[in-house]
Amino acid sequence: MPKDLVRFCSDDYFYSMIKVEHIGIAVKGLEAAIPLYEKLLNTECYKQEAVIGEKVNTAFFRQGETKIELLEGTDPEGVISRFIETRGEGLHHIAFETDDIRAEMQRLSDAGFQLLNSEPKQGADNKWVCFLHPKQTGGVLIELCQDRGAAE
Ligand code: ZN
């Protein structure tokens, strides 16, 4: 194992990114995407929620310990609409659950990753969220999230 990876197995770091909480998928419209994913995953969409600040409507599916979050843009200038405009529908982000989002933001910032928001912001599904710039994460948009009930 490379030397710099060893520390991620130490007690201090092991639990900071707890699991993949959900995978975000950008879709043109929830009306068509929800039945498609219900058929694909063989489970019902259990929640739809608008995130006004992000100009998106979301729909959630539970798949074991992980969720699938469908994202539909509600404004041509919003991030999801612009993403679909340039890249088409598809995988948008991977979200990791953390039990201390501020500590994780600090750790990642110290490690040289660029945070897209300097303060945790309100996301869908009663979460605090923070995104990392994909240019430093191999082109993958990474979200950190923490249940708002568990945050201060
Ligand atoms: Zn998300």
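Couple of notes before you dig in:
- DSSP beta bridge pairing in the chain, given as percent antiparallel to the nearest 5: 75
- At R0 = 41 Å, FRET efficiency that the Cβ-Cβ distance of residue 50 and residue 107 yields, to 0.05: 0.85
- Report summary: the helix-based calculation at 222 nm, which adds -39500 (n - 2.57) for every DSSP H run with n ≥ 4 and divides by the residues of the chain, gives -7000 deg cm²/dmol.
- Residues whose amide H comes within less than 5 Å of that of residue 18, counting only those at least five positions distant or on another chain, are 97, 98, 99 (H built at 1.01 Å from N in the peptide plane).
- Mean Cα-pair separation over length for the range 54-152, i.e. relative contact order, pairs under 8 Å, 6 or more apart, %: 22
- Here the Karplus curve 6.51 cos²θ - 1.76 cosθ + 1.60, taken at θ = phi - 60°, turns the phi angles of the range 99-111 into couplings of 9, 8, 5, 5, 5, 5, 4, 5, 4, 6, 5, 4, 7 Hz, with x standing for Gly and Pro.
- Cα-only Debye scattering, the range 79-152: base-10 log of I(q)/I(0) at q = 0.12, 0.21, 0.22, 0.27 Å⁻¹: -0.33, -0.93, -1.00, -1.28
- Under 5 Å, built H, 5+ apart or other chain: amide partners of residue 24: 69, 92, 93, 94, 95
Here, each number is a calculation from the coordinates, and none is a lab measurement. Treat the numbers as computed from the prediction; the structure is a model and nothing was measured. FYI the Cβ positions are ideal-geometry reconstructions off the backbone, even for glycines, and counts take in every protein chain you see.
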